[in-house]
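J.: Quick one: the structure is below, and I'll ask about it shortly.
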Amino acid sequence: MLESPTTEAGATTAPAQAAEEVLVLDFGGQYSQLIARRIRECGVFAELLPSTASVEAIRKRAPKGLVLSGGPASVYEEGAPSFPTQLLDLEIPMLAICYGMQAMVQALGGRVEAAESGEFGRTDLTLRDGGGKLLAGLPEEQHCWMSHRDAVFEPPEGFRALAASPGSPVAACEDVDRGLYGIQFHPEVVHTPYGTEIL
């Protein structure tokens with residue numbers, strides 16, 4: 001059993017908080033743990049929390065950023081996890097992946113609908129106008145890993161569409177002024193060659 005560190009006088013001290021921390025909110029995706037691992041590999045401490053974690057608990061942690069994971073639900077299903085808009089009050093950068101992006105887009109007034117055909121596996125991705133801030137410097141044509149049945153057809157007001165794939169008219173988007181970013185594909189898997197650069 002691990003013991004708490006003690007001072008010379010014998011008093012216990014709290015473990016040191018990470019200097020920089022990113023919290024990953026888990027919407028039930030199969031790759032949620034992998035997202036946190038990949039962020040750690042970028043040299044930043046990351047911890048996985050349930051998507052239902054309270055905004056106050058997140059505020060107390062004072063993370064440098066939030067990542068919203070993917071998940072198996074459709075944003076239109078009854079009881080599907082929702083995007084907690086109170087997170088916007090924290091005014092910290094946020095990257096929403098797959099289901100996380102769809103939930104954020106829908107909550108902020110964008111249009112999410114069932115795709116004509118879902119995308120599963122390796123998919124072609126085409127950047128628009130240089131890919132914005134999030135995808136800047138990446139090749140205009142590339143591959144990525146998709147796993148979705150719904151797609152974003154219009155981003156919310158204030159967002160800019162950054163990329164498209166055959167089944168996703170808006171495969172990435174951003175609102176730089178608010179530090180909000182969304183990608184339909186999975187940057188955490190090796191099948192997305194530029195995923196580490198995106199993270």
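The values are calculated or read from the model by the stated rules, or taken from the named source; none is laboratory data. None of the values given here were measured: they were computed from a predicted structure. No Cβ is skipped: glycine too gets one built from the backbone with ideal geometry, and neighbour counts run over all protein chains shown. Remember, those area values only see protein heavy atoms, side chains included, never the ligands or the DNA or RNA. Shrake-Rupley method; radii C 1.70, N 1.55, O 1.52, S 1.80 Å.
J.: Could you list, in sequence order, the residues of segment 65-88 that are more than 23 Å from Phe120 (Cβ to Cβ) and either out of contact with any Leu (no Cβ under 9 Å at 6 or more places or on another chain) or not in a loop (DSSP other than H, G, I, E, B) (or both)? If you could, list the steps in order and put the result at the bottom.
T.: Start the filter on segment 65-88 by keeping residues that are more than 23 Å from Phe120 (Cβ to Cβ), which leaves 65-66, 78-79, 82-88.
Correct list: Gly65, Leu66, Glu78, Gly79, Ser82, Thr85, Gln86, Leu87, Leu88.
J.: Scan segment 155-169 residue by residue and report those that are open to solvent by less than 20 Å² (accessible area, probe 1.4 Å) and in contact (Cβ under 8 Å) with a residue 40 or more places away in the chain.
T.: Matches in segment 155-169: Pro156, Ser165, Gly167, Ser168.
J.: Can you go through Thr85, Thr126 and tell me which one is surrounded by fewer than 14 Cβ atoms within 10 Å (Cβ to Cβ) and at negative phi?
T.: Thr85
J.: Now, a different point. Take Phe120 and decide whether it is over 23 Å from Tyr194 (Cα atoms) and aromatic (Phe, Trp, Tyr).
T.: Numbers: over 23 Å from Tyr194 (Cα atoms): no; aromatic (Phe, Trp, Tyr): yes.
Criteria not met by Phe120.
J.: For Asp129, only one of the following conditions fails: (1) under 15 Å from the mean Cα position of the chain (by Cα); (2) farther than 20 Å from Gly65 by Cα. What is its number?
T.: So Asp129 meets the others, but not (1).
J.: Is it true that Val152 is touching a residue at least 24 places away in the same chain (Cβ under 8 Å) and surrounded by 24 or more Cβ atoms within 10 Å (Cβ to Cβ)?
T.: yes
Let's see how each residue does on (1) among the hydroxyl-bearing types (Ser, Thr, Tyr); (2) farther than 17 Å from Ile183 by Cβ; (3) modelled with pLDDT under 95; (4) surrounded by 14 or more Cβ atoms within 10 Å (Cβ to Cβ):
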| position | (1), (2), (3), (4) |
| --- | --- |
| Ala36 | no, no, no, yes |
| Ile58 | no, yes, no, yes |
| Lys64 | no, yes, no, yes |
| Val67 | no, no, no, yes |
| Gly70 | no, no, yes, yes |
| Val75 | no, no, yes, yes |
| Glu78 | no, yes, yes, no |
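J.: Related question: Picking from Ala136, Ala96, which residue would you name as being hydrophobic (A, V, I, L, M, F, W, C), open to solvent by 30 Å² or more (accessible area, probe 1.4 Å) and under 26 Å from Val22 (Cα atoms)? I'd like the intermediate steps shown before the answer.
T.: Working: Ala96 fails: open to solvent by 30 Å² or more (accessible area, probe 1.4 Å).
On inspection, the qualifying residue turns out to be Ala136.
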